[in-house]
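Below you'll find the structure, written out as structure tokens, and then a few comments.
The values are calculated or read from the model by the stated rules, or taken from the named source; none is laboratory data. No experiment lies behind these values; they were computed from the predicted model shown. Backbone-built Cβ (ideal geometry, glycine too); neighbour counts: all protein chains shown. Areas reflect the complete protein model, heavy atoms only, side chains present, ligands, DNA and RNA absent. Shrake-Rupley method; radii C 1.70, N 1.55, O 1.52, S 1.80 Å.
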Amino acid sequence: MPEKNADYYIKKFAQLRIDRSHGRPAPHKPILLLSIIELIERGVILTNEIELTPEIISTFLSYWNALYPEQKGIVALPFFHLKSDGFWHLMPNDGYEKSFNLIRHIKSSYQIRDMVKYAYLDSELFELLSADKSRTMFRRVIIDNYFDFEEKKWLLQAVNLSREALKYEHLLIAEASLPYSVNKPKEKIRVKEKVREVGFRHVIMSIYNYTCSVCNMRILTLEGASVVDAAHIIPFSVSANDDIRNGIALCKLHHWSFDEGLLSIDENYRVMTTPLLSAQRPTEWLLTELSNKQIMLPQNETLYPAQEALHYHRENKFLK
Ligand SMILES: [Zn+2]
């Protein structure tokens, strides 16, 4: 048995068993591995029990759709077939223990969810991917071996964006331990807009678990699309402030209603609806029925929306 060290897995990564019959290596497995690496780096995958979550699917599709917009990316294929490479294993759901070897065609993520509890890597490999330095190396091996020049260029930029956004996310978390301040230092604005947007969204979604704070709606499709937005309480155009406490997770309807001033939030974190709405069923009632409802707040009290920011919203946006 060869020793399962970094060299062993680098060789494995460089020689994935993939279909080359279409003139170029099929990119499914490389893109899945890049997605797994990114989610380990971001702390979204924390243990070596890798479920086919919306986060994996949306990360996979964000790479896929940018590189191959004309072709449908099906994450279920590599999630299943990577098991032939020897370092990726599938834990079957009850009743599916014997059926993996009989399966020839995987069609959808729903099929995977039925059959598979989670996937797991060789523990040696998971450990290597959890360390900064070796993770960078493995990522590089994949990018160098399976993509052409233009794709490589794009992938390196995407990896860079993801890392910058992660740094920004960490900065926002660190900043939330300081007293909230409405006025932000100017230097923050120098962070690239895209980096800011991605970092702010990731941090708010993880704190609110993709759930609308006002109505508790949480719809996350298997394609990773979410009904919930990361909203600014004082608009970014006014405040230039991505402080977590100037943020809140809101579904599309309540984000819009909040921005239009139809909804606000009071000193006790209860929903306010504008008196301009009638309680008429069935239309405006959908909003007015939420009056006085306690909003869903982050577990950690220090990350609650800042009352200074909510005060601004009540005074300047809310239609009284
Ligand atoms: Zn909502």
By the Cα gyration tensor axes a ≥ b ≥ c (a/c under 1.5 gives rounded; else a/b larger than b/c gives prolate, otherwise oblate), the shape of the range 6-147 is rounded
Across the range 161-316, how many lysine pairs, 8 or more positions apart or on different chains, have C-alpha atoms separated by under 27 Å? Please give the number. 11
Report the local net charge at residue 249: Lys and Arg +1, Asp and Glu -1, summed over other residues whose C-beta lies under 11 Å from its C-beta. +1
Set of lysines near residue 117 by C-alpha distance (under 27 Å), chain-local residues within fewer than 8 positions excluded: 4, 12, 29, 72, 83, 98, 107
Summed over the other residues with a beta carbon less than 9 angstrom from that of residue 309, with K and R at +1 and D and E at -1, the charge totals -1
Using only the Cα atoms of the chain, build the gyration tensor, take square roots of its eigenvalues as a ≥ b ≥ c, and label the shape rounded, prolate or oblate: rounded if a/c is under 1.5, else prolate if a/b is larger than b/c, else oblate. prolate
Once a ≥ b ≥ c are taken as the square roots of the eigenvalues of the Cα gyration tensor of the range 216-320, is the result rounded (a/c under 1.5), prolate (a/b larger than b/c) or oblate (a/b not larger than b/c)? oblate
Scalar couplings 3J(HN,Hα) for the range 11-19 by Karplus 6.51 cos²θ - 1.76 cosθ + 1.60 (θ = phi - 60°), nearest whole Hz, x for Gly and Pro, are 4, 4, 5, 7, 10, 5, 7, 10, 6
Please report the spacing between the Cα centers of the range 120-176 and the range 246-264 in Å, no decimals. 33 Å
Per residue solvent-accessible surface (Å²) - the range 73-224, probe of 1.4 Å: 55 Å²
Quick one: pull the percent of accessible area on the chain belonging to carbon and sulfur, 1.4 Å probe, ligands and nucleic acids left out. 53 percent
If you roll a 1.4 Å probe over the heavy atoms of the protein chains, what accessible area per residue do you get for the range 227-290, in Å²? 43 Å²
222 nm [θ] for the chain, helices only, -39500 (n - 2.57) per DSSP H run of 4+, per residue, to 500? -13500 deg cm²/dmol
So who's got an amide H within less than 5 Å of the one on residue 210, skipping anything under 5 residues away but keeping other chains? H placed 1.01 Å off N, in plane. none
